[in-house]
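What follows draws every value from the coordinates through simple rules; no lab data is involved. This is a predicted model, so every value here is computed, not measured. Ideal geometry is used to build each Cβ from the backbone, glycine not excepted, and the neighbour counts take in all protein chains shown.
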Amino acid sequence: MYCAELVNTATNVVFMWLGFKGIRNCIMYSQQPVFILAYIGYLVVGAGSMAFHSTLKCMHEPWFPFTLCVPCLLISPVTEPPF
């Protein structure tokens, strides 16, 4: 098995672990669904970045705007949650 950038690939496992742990905690403590969406963002970014760093073949940049949009949605000054 070949891995182009082993350290970068391994550090993305932490991102995915945080995503799973965050989703589990949101469900356990009955948090708002928007927080689950944020943790799904962690999973998507971790998986996409892992795919890029292990193969250097897929696009890397599309994952970063997704990461930025979800926290911006969470901290936006709205009176009602968006979900």
- Task: Please go through the stretch 1-57 and write out the trypsin sites (Lys or Arg not before Pro) that DSSP classes as loop and that have at most 14 other C-beta atoms within 10 Å.
- Result: LYS57
- Task: Along Cα→Cβ, 7 Å out, is where each label goes; now give me the distance between the ones at GLU5 and ASN25 in nm to one decimal.
- Result: 2.7 nm
